[in-house]
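Colleague: Sharing a structure below in structure tokens format, with a few things to ask.
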Amino acid sequence: MSNKKPYYISTAIAYTSAKPHIGNTYEIVLADAIARYKRQAGFDVYFQTGTDEHGQKIQEKAEAAGVTPQEYVDNVAAEIKRIWDLMNTTYDRFVRTTDPEHKTKVQKIFERMYEKGDIYKGKYVGKYCTPCESFWTESQLVDGKCPDCGRECKDAEEEAYFFKMSKYADRLLEHIETHPDFIQPESRKNEMINNFLKPGLQDLCVSRSSFTWGVPLTFAPGHVSYVWLDALSNYITFCGYDPDGNHDEHYKKFWPADLHLIGKDIVRFHTIYWPIFLMSMGEELPKQVFGHPWLLVKGDKMSKSKGNMIYADDLVELFGVDAVRYFVLHEMPFASDGIMTYDLIIERVNSELANILGNLVNRTIAMDHKYFDGKVMPSDVCEPIDEELKAVALAMPGKVEAKMNELKVADAIDEIFVLLRRANKYIDETAPWALAKDEANHPRLGTVLYNLLESIRFAAIALEPFLPDTSKRILSQINMENGGLESLNAFGAMPVGGDVGTGEILFARLDMAKKLAEIEEFNAAKAKAALPALEIEPYTEEKVDFDTFCKSDLRAVKVVDCKNVKKSDKLLQFTLDDGSGTPRQILSGIAKFYKPEELIGKTLVAITNLPPRKMMSRESNGMLLSAVHTEKGEEKLNLIMLDDAIPAGAKLC
């Protein structure tokens with residue numbers, strides 16, 4: 001049994017709806033840096049991550065892809081794990097919520113809450129955001145849309161089970177107020193208290209009966225657990241929790257978790273729902289939940305609709321793993337969002353990784369080989385300036401520790417670079433090349449190079465949590481082992497008479513213009529490779545004169561309502577606002593391509609001066625325009641959609 005103090009850190013489990021972008025990947029890299037640092041500091045670390053694999057969104061994605069939900073999540077989970085491994089993260093367990101043991105435990109947790117009276121049967125009527133898997137009341141919507149993601153919410157009405165959140169609200173509020181570090185940063189805590197707890201918690205819908213891809217309830221056929229109750233439980237089910245009370249030794253050792261590391265957009269689930277679920281189960285609450293900020297691209301949140309998605313594996317191909325790790329860890333402030341641009345990455349690689357770090361290591365090793373054949377010389381010819389460098393080196397580990405204890409990772413990295421900058425300045429101040437000109441000054445030159453090598457050793461060991469491969473390469477170049485933080489208690493561990501290894505470039509300087517051109521070419525090639533092979537309808541040889549074309553009255557129309565036509569697998573019935581003040585009805589045979597609820601509120605294009613036509617005993621007044629092509633032998637159709645700012649009735653010409 002280890003005598004080390006336990007430390008349990010988790011990330012939010014990644015939702016298996018799509019490949020994670022660099023903003024998602026930032027979280028696992030941040031967690032890895034903290035976990036590595038805690039191991040360095042002597043803790044017995046348990047680091048858990050994984051994937052959240054149930055919910056309506058997953059079921060819909062799988063149906064659209066023509067595969068089973070399990071096949072869909074298997075593919076996405078494998079991709080997520082590949083990227084986590086690519087980023088050199090040292091998690092101890094990668095969990096998946098489709099794991100049979102987890103599902104059984106969630107079923108029992110639900111049963112215990114129901115038996116305790118914390119869950120009751122009712123009916124849900126309200127709004128539901130499928131992308132966020134979130135329930136909302138009409139009053140909580142912002143401009144009629146989900147307050148979290150800004151997308152459309154669907155009307156939901158179904159039999160469901162509800163959790164009595166208000167039963168534990170006062171107890172949770174007291175816990176938050178008496179444990180000031182429970183929610184960090186402070187702004188997230190204030191948001192939870194003022195926006196949710198103090199106004200009063202509504203009972204939470206914790207089951208769904210309108211789809212099947214979830215953990216089925218044992219006592220309620222047709223119901224599955226709300227995806228968030230299922231997902232949040234992962235922090236204990238995979239740690240050794242037993243709903244029957246027979247917890248294993250791993251759970252007894254590591255729970256409560258020291259840190260749940262999550263994105264700021266899911267703080268509500270982790271600091272209100274999750275603690276209340278734990279209170280219902282009679283379990284301790286996690287010690288801290290940290291809602292990290294977002295990584296923005298040119299000021300915008302990454303999304304496919306904006307076309308600004310950047311993926312970690314692409315960045316690694318362009319810059320390397322440690323350069324990407326450095327950028328996301330160093331450029332993310334503690335509480336506010338960080339900005340990512342290719343220009344900024346190039347600038348950081350050049351100014352900090354190549355110039356400050358790489359150049360220091362390369363110059364020092366080169367000078368030692370040039371002047372002393374790669375031998376470590378004695379450091380007994382000292383001057384006051386040496387003590388200044390030593391003082392910065394010796395103070396650095398404590399300053400890093402203070403910043404890491406506050407989860408201010410970017411600031412911790414800055415403290416290491418304070419030493420690196422001081423060492424570079426020390427070279428300018430001592431001018432080794434000038435000392436080398438006089439044999440009498442060689443003892444002093446040996447001392448200078450010793451102090452530089454030792455400063456590099458300090459920095460390399462301290463950098464290990466953040467730039468693990470670079471740390472290893474530096475230590476190899478100076479022919480030293482990673483002695484851990486304990487080896488930084490004293491200045492002078494480099495063995496006199498030992499050999500310095502061979503120097504190599506850690507980070508090459510990048511030409512801004514050339515690199516940006518390379519990136520543009522790279523992204524264009526990726527985009528082209530992602531395009532499906534399309535078969536386009538051949539162009540017609542028949543010509544239409546201009547006057548005939550002008551007779552078609554093309555108008556912008558707003559979809560007021562859309563529904564399936566009974567007894568028809570093909571037809572959708574549209575109620576449209578065409579700007580005339582009288583609703584227009586058009587029927588369109590596109591039911592296999594669109595669900596009615598997806599189209600309500602959209603702005604489409606219609607030919608409005610076609611003669612009325614009867615379809616399934618209903619009158620259709622016009623035709624909606626769409627683009628049709630064949631992809632992999634299957635017909636595809638896309639309605640022509642316009643910017644919603646275009647008013648109904650606007651004429652296209």
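Colleague: Any residue at all in segment 440-455 that's more than 28 Å from residue 322 (Cα to Cα), in contact (Cβ under 8 Å) with a residue 40 or more places away in the chain and acidic (Asp, Glu)?
Modeller: No - not one qualifying residue is present in segment 440-455.
Colleague: For segment 318-329, indicate whether the set of residues that are in a helix (DSSP H, G or I), under 30 Å from residue 446 (Cα atoms) and of a type outside the set (Gly, Ala, Ser) is non-empty.
Modeller: The answer is no; no qualifying residue exists.
Colleague: Hey, could you check segment 398-411 for residues that are assigned to a helix (DSSP H, G or I) and in contact (Cβ under 8 Å) with a residue 60 or more places away in the chain and say which is nearest to residue 386 (Cα to Cα)? First the steps, then the outcome.
Modeller: Start the filter on segment 398-411 by keeping residues that are assigned to a helix (DSSP H, G or I), which leaves 398-405, 409-411.
The next check asks that each one be in contact (Cβ under 8 Å) with a residue 60 or more places away in the chain; those that pass are 400-401, 404, 409-411.
Details: 400: 22, 401: 24, 404: 28, 409: 29, 410: 28, 411: 25 Å.
Within segment 398-411, the match that is nearest to residue 386 (Cα to Cα) is 400.
Colleague: Kindly list the number of the only condition in (1) outside any loop (DSSP other than H, G, I, E, B); (2) out of contact with any Phe, Trp or Tyr (no Cβ under 9 Å at 6 or more places or on another chain) that fails for residue 110.
Modeller: Tallying (1) outside any loop (DSSP other than H, G, I, E, B); (2) out of contact with any Phe, Trp or Tyr (no Cβ under 9 Å at 6 or more places or on another chain), residue 110 fails exactly one: (2).
Colleague: To continue, here is another question. Exactly one of (1) surrounded by 19 or more Cβ atoms within 10 Å (Cβ to Cβ); (2) without any contact (Cβ under 8 Å) to a residue 60 or more places away in the chain is unmet by residue 145. Its number?
Modeller: With respect to (1) surrounded by 19 or more Cβ atoms within 10 Å (Cβ to Cβ); (2) without any contact (Cβ under 8 Å) to a residue 60 or more places away in the chain, residue 145 is out only on (1).
Colleague: Could we say that residue 462 is in a helix (DSSP H, G or I), more than 14 Å from residue 383 (Cβ to Cβ), assigned by TED's automatic domain parsing to the domain that holds residue 356 and touching a Leu at 6+ places or on another chain (Cβ under 9 Å) here?
Modeller: On the way: in a helix (DSSP H, G or I): yes; more than 14 Å from residue 383 (Cβ to Cβ): yes; assigned by TED's automatic domain parsing to the domain that holds residue 356: yes; touching a Leu at 6+ places or on another chain (Cβ under 9 Å): yes.
Yes.
Colleague: Which ones in segment 613-632 are part of a strand (DSSP E or B) and surrounded by fewer than 15 Cβ atoms within 10 Å (Cβ to Cβ)?
Modeller: Scanning segment 613-632 gives 613, 614, 618, 619, 627, 628, 629, 630, 631.
Colleague: Now for a separate question. Looking at (1) out of contact with any Cys (no Cβ under 9 Å at 6 or more places or on another chain); (2) free of Cβ contacts under 8 Å to residues at least 60 places away in the same chain, find the lone condition where residue 647 falls short.
Modeller: Here residue 647 meets the rest and fails (2).
Colleague: For segment 571-612, what are the residues that are out of contact with any strand residue (DSSP E or B) (no Cβ under 7 Å at 6 or more places or on another chain), without any contact (Cβ under 8 Å) to a residue 12 or more places away in the chain and assigned to a loop (DSSP other than H, G, I, E, B)?
Modeller: Correct list: 581, 582, 595, 611.
Colleague: In segment 331-380, how many are farther than 30 Å from residue 435 by Cβ and outside any helix (DSSP H, G or I)?
Modeller: Looking only at that region, the number is 10.
Colleague: Considering each residue of segment 485-518, count those that are part of a loop (DSSP other than H, G, I, E, B), among the hydrophobic types (A, V, I, L, M, F, W, C) and under 22 Å from residue 343 (Cα atoms), and give that number.
Modeller: The number of residues fulfilling the criteria is 5.
Colleague: Is it fair to say residue 252 is in contact with a strand residue (DSSP E or B) (Cβ under 9 Å, 6 or more places away or on another chain) and not assigned by TED's automatic domain parsing to the domain that holds residue 468?
Modeller: Details: in contact with a strand residue (DSSP E or B) (Cβ under 9 Å, 6 or more places away or on another chain): no; not assigned by TED's automatic domain parsing to the domain that holds residue 468: yes.
So residue 252 fails the test.
The values are calculated or read from the model by the stated rules, or taken from the named source; none is laboratory data. From a predicted model like this one, the values you see are computed outputs, not experimental measurements. Neighbour counts run over all protein chains shown; Cβ positions are idealised from the backbone, glycine included.
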